[in-house]
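Just so it is clear, none of the values below were taken in a lab; they were calculated from the coordinates. None of the values given here were measured: they were computed from a predicted structure. Cβ: placed from backbone, ideal geometry, glycine included. Neighbour counts: every protein chain shown.
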Amino acid sequence: MTDDPPGSRRPRRLAPLRWSVATAAFQIEGARHADGRGRSIWDDFVEMPGAVLDGSTAEPGPDSWHRWREDIALAVELGVDRYRFSLSWVRVRPEHGRPANRAALDRYSRMVDALLDAGVAPFVTLYHWDLPSVLEEHGGWLDRRTPFAFAEYVQTVVDALGDRVADWYTINEPVSTTLQGYAIGELAPARTLLFGALPTAHHQLLAHGLAQQVIRSAGSGRVGIVNNHTAVRPASARDEDLAAAEVYDLLHNRLFADPVLRGEYPDLSMLGVPDLPVEDGDLALISRPSDFYGVNYYNPTRVGAAAPDSPIPFEILPIEGAPTTGFGWPIDPQGLRAVLGQLADRYGDALPPIVIGENGASFPEPDHSSHTIHDAERIDYLARHLDAVEAARNDGLDIAEFTVWSLLDNFEWADGFTQRFGLVHVDHNTSLRTPKASYSWFRDRIAASRAQHEAGAGA
Ligand code: BGC
């Protein structure tokens, strides 16, 4: 758990970094009732009184269900290699066990074609948190049937789009669903099961394994999971704080990476929880090699021992003196470098090329703006995290891609429209899109990097 940059890897010549920008269906699509869409746990969540900070419902927001051509134009103008977006399970399969929704598949299909025509590769996230409500009623990710239902949905998607989509993320950030969704209830489905939430980790990983199998069987391109990683910093060198930090590292990072990259769960015995519901063959499936390993990184986490009466054995503490984002998240690019080095140290040759699936920051910005927003703090955040990525690449780590979260200001889950992560400002009442200064900066950064590479290749 050190923050030392990795030192001993042999530098090798890496392909130029690919560039990407990301969104997720529920956060941008709006239009909840359009085209036969079904109901997801996020529809339930936004209707729970007080659950969303500003009471917003994700409507209209960017209204990308209708305005997707504008999003593609913005991605094209940025010059990204790929556009990462998620599909809505409840649009594709509005009712579990019933036929797929052609209208939704056709709409996603047109979007894929438009991206390909414009020279931007579609990078599809199959699951970004919007579980069908009907599955949650049967236990959601606590229930072993959910990963198999997911695999059926994935088969539908691959049948419809697999001839053109070559890059797939299976599950986005299972840790967020387990810890925030099922353990403490900050995200949908708002359950507060504490360690009783842990079976959801295994079922999401099983869903990853099954989805990967579907994509492999169809011969349909490259696939991997995308996990959120944090650099865990013990509050002090005291044994209690070191032990608490280790538990947090285990729950946040290793619980989700070890099974994928090592084929085994870390030892959870210190938590005093029942064994995970692992059946024969599950781990072999979960650890089948992927084409890449997705890493979302936002901030480091400082962890100390909890008070004696706490139901959980750690406490998350502020990092004194660290600059913070609008969310109050500490800004520390060295944390990204530490995460990348730690992955290489822990998983060695089992680690496929890393794709940074999300990195970005929210800062306070007006809801309406008639002029360009000069978001210097976001530019600084991204530039410094990109430096960390470049430093890790110079150390020989195979980091293939960098993705900014997010293309657009969007519905920031339980925080509603109060946190803005976009390179493009969105007026959430009119859905008007206005690029910020960070959008031009990122466009220029991509162009400069390409020019530099071409000059190098020509030399
Ligand atoms: C999620 C995004 C979210 C972002 C900022 C990530 O954990 O994948 O959906 O908007 O963090 O909170």
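Annotations
- Integer Hz, Karplus 6.51/-1.76/1.60 couplings in order for the stretch 95-106, x for Gly and Pro: 10, 4, x, 9, x, 5, 8, 4, 4, 5, 5, 5
- Spacing of the two label points (7 Å from each Cα toward its C-beta) at residue 77 and residue 236, in nm: 5.3
- Cα coordinate range in the stretch 237-285, projected on the principal axes (Å, largest first): 40, 22, 11
- Placing +1 on the Cβ of every Lys and Arg and -1 on the Cβ of every Asp and Glu, with no other charges, gives the stretch 304-459 a dipole of roughly 460 debye about its Cα centre.
- Solvent-free Debye scattering, log10 I(q)/I(0), computed from the Cα coordinates of the chain at q = 0.07, 0.10 Å⁻¹: -0.32, -0.69
- A helix-only calculation puts the chain at -11000 deg cm²/dmol for mean residue ellipticity at 222 nm, using -39500 (n - 2.57) for each DSSP H run of at least four residues, averaged over all residues.
- Spin-label model, residue 98/residue 387: points 7 Å from Cα along the beta carbon direction are separated by 5.5 nm.
- When each of the peptides 370-380, 156-166, 241-251 is scored by how many other beta carbons lie within 10 Å of its residues on average, the order from highest to lowest is 241-251, 156-166, 370-380.
- Magnitude of the charge dipole, the chain, Cβ model with Lys/Arg +1 and Asp/Glu -1, debye to 20: 1320
- Here the calculated FRET efficiency for residue 48 and residue 288, from their Cβ-Cβ distance with R0 = 35 Å, stands at 0.40, rounded to the nearest 0.05.
- Each of 113, 63 was scored by other Cβ atoms within 10 Å of its Cβ. Listed from fewest to most, they are 113, 63.
- Legend: calculated FRET efficiency, residue 194 to residue 454, from the Cβ-Cβ distance at R0 = 60 Å, rounded to 0.05, equals 0.65.
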